[in-house]
Every structure is written in structure tokens, then in C-alpha cells.
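The structure under discussion appears below in the form of C-alpha cells.
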Amino acid sequence: LTEDPATGSDSAILAAYMHRRADDQPQRLHITQGVEMGRPSTIETDMVLTPDGQQKHAVIAGQCVAMMEGKLLI
């Protein structure tokens, strides 16, 4: 495979990184992924900030198709 399908958890990490490293500190990312493998996905990630501008949490949105399901027994 030359490209991964959409990964929401990676999107949150990327949004947090970009918010901390970019000069204009973007709060919203639009990510397109999975096009070459025939599973195009668009993910929107918003950084939610505290009143003083610190990162509070990320909100990830988009449409998905469940590809698998699993259970972990402890």
C-alpha cells in the first residue's frame, strides 16, 4: 500500500502539533486521505482552546465506514 485510509487519531495529533508549531496557529485542519487506494476520506479537526489560548482538546469529524470490530478482554 502506498497510502493509508483515514486515521482520526493521527489527525488530532497533527492538529495539536500544527497549532503549537505554526506561526498563525491554525485551529482547524481539513485533511484528505486514502484517495490513491480508492477509499477517499475527508477529516476535519478543530482545536478547542482555553480562554488563554492553550490547547484543551481536539474535535474530529467526518464520515467513515467501519472496516472491522474487535474486543479486548481483561
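The values are calculated or read from the model by the stated rules, or taken from the named source; none is laboratory data. Here the structure is a predicted model, which is why all the values come from computation and not from measurement. Ideal geometry is used to build each Cβ from the backbone, glycine not excepted, and the neighbour counts take in all protein chains shown. When the accessible area is computed, the model is the full protein with side chains, heavy atoms only, and any ligands, DNA or RNA have been set aside. Shrake-Rupley method; radii C 1.70, N 1.55, O 1.52, S 1.80 Å.
Points worth noting:
- Subset of the range 43-60 (residues that are free of Cβ contacts under 8 Å to residues at least 24 places away in the same chain and open to solvent by 50 Å² or more (accessible area, probe 1.4 Å)): Glu44, Pro51, Asp52, Gln54, Lys56, His57, Val59
- In the range 6-21, the residues that are loosely packed, with under 10 Cβ neighbours inside 10 Å and not charged (D, E, K, R): Ser9
- Among the residues of the range 16-74, those identified as part of a loop (DSSP other than H, G, I, E, B) and touching a His at 6+ places or on another chain (Cβ under 7 Å) are Gln25, Pro26, Gln27.
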